[in-house]
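The values are calculated or read from the model by the stated rules, or taken from the named source; none is laboratory data. Everything quoted here is computed from the prediction, not taken from an experiment. Cβ placement follows ideal geometry from the backbone for every residue including glycine, while neighbour counts extend to all protein chains displayed. The protein model used for the area step is the full one, side chains on, heavy atoms only, and it has no ligands, DNA or RNA in it. Shrake-Rupley method; radii C 1.70, N 1.55, O 1.52, S 1.80 Å.
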Amino acid sequence: MSSTLSPVSAAAPALVLLLALVNSFAGAADFQCPSKYGQFEDPVQCDKYYECDEGRATTKLCPDGLVFDPLNRKVNKCDQPFNVDCGDRIELQAPKSNHLCPRRNGYFAHPDAAICNVFYNCIEGEAIETKCTSGLHFDEYSGTCVWPDSAGRSGCGEPETMKLKDGFSCPKDAQASPHGQTVAHPVYAHPQDCQKFYVCLNGVTPREQGCAVGEVYNEETQKCDSPENVPGCEDWFKDSPEAAPAATANKKRQRRSSAYYRKVLLRTSP
């Protein structure tokens, strides 16, 4: 069974196109080219601009999701919104969105507000999923992954990887070095096991580590050390036969190291 379009239905797409062209020409007709050639921003719409040729303006639109940057020296002056100061040009074209891309182009947060470490790079409506480095959150205002405090996002769920089986999670307060700089991967002593310690990758993702047999973690030097050098851990290996040879070897290494540095100091002293 065949169907035929009425003259009005058949003409509808052409009418829509004609109206768009009329609006485009009307906008261009109202725009006065600052110079005979160049690309110039629309005063109210950030993703709209005019291309002037011989003093005649043609209305143009950036790809959906991008905005026009009059300060950009490239031929293509459309860029990501976080790179452009739109000022009072607050209007935008109607979005062409899908499930993962609020606009056809740009960097967008995961639709689940609790998932803060995943974002999507949308290119003409095709979404590419990307995960932030462990411990970072995606920030739409900068289009990059930043520390949670900088992102300022709320309701973010804490992944299971942020807490170990024994319940340890990295302290919220950043650890500072003696010079006042933030330590990138701070280390913490285990509360019950002298031989173990925790490393917090990027300050947020915990990993349990351990010293070699015969050594314990020294919180003061933040290194593995002989038990007698760590208060409270002197007798940690006293009932461990396999630790005795290792402890002896550690002491010999320390004595050799100390003797070496004494020789160096004697040679360099005036």
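A few remarks follow.
- In this structure, the residue pairs whose Cα-Cα separation is over 32 Å, taken from Lys60/Lys131; Lys165/Lys238; Lys131/Lys196, are Lys60/Lys131.
- Summary of packing: across the peptides 30-38, 185-193, 55-63, the per-residue average of other C-beta atoms within 10 Å ranks them, highest first, as 55-63, 185-193, 30-38.
- Rounded percent of accessible protein surface that carbon and sulfur make up, region 106-157, 1.4 Å probe: 50
- The value of relative contact order for region 106-157, using C-alpha pairs under 8 Å at least six residues apart, is 33 percent.
- 3J(HN,Hα) along region 230-235, derived from phi through the Karplus expression 6.51 cos²θ - 1.76 cosθ + 1.60 where θ = phi - 60°, amounts to 10, x, x, 10, 4, 9 Hz, with x in place of Gly and Pro.
- Of the GluC sites (Glu not before Pro) found in region 141-221, those in coil by DSSP whose Cβ has at most 13 other Cβ atoms within 10 Å are Glu220.
- With a Förster radius of 41 Å applied to the beta-carbon distance between Glu140 and Asn229, the computed FRET efficiency rounds to 0.25.
- The charge dipole of region 106-157, taken about its Cα centre with unit charges on the Cβ atoms of Lys, Arg (+1), Asp and Glu (-1) only, comes to about 180 debye.
- What region 38-83 shows is 56 Å² of accessible area per residue, with the surface traced by a 1.4 Å probe over protein heavy atoms.
- Computed from the C-beta positions of Glu129 and Asn98 and an R0 of 22 Å, the FRET efficiency is 0.95 to the nearest 0.05.
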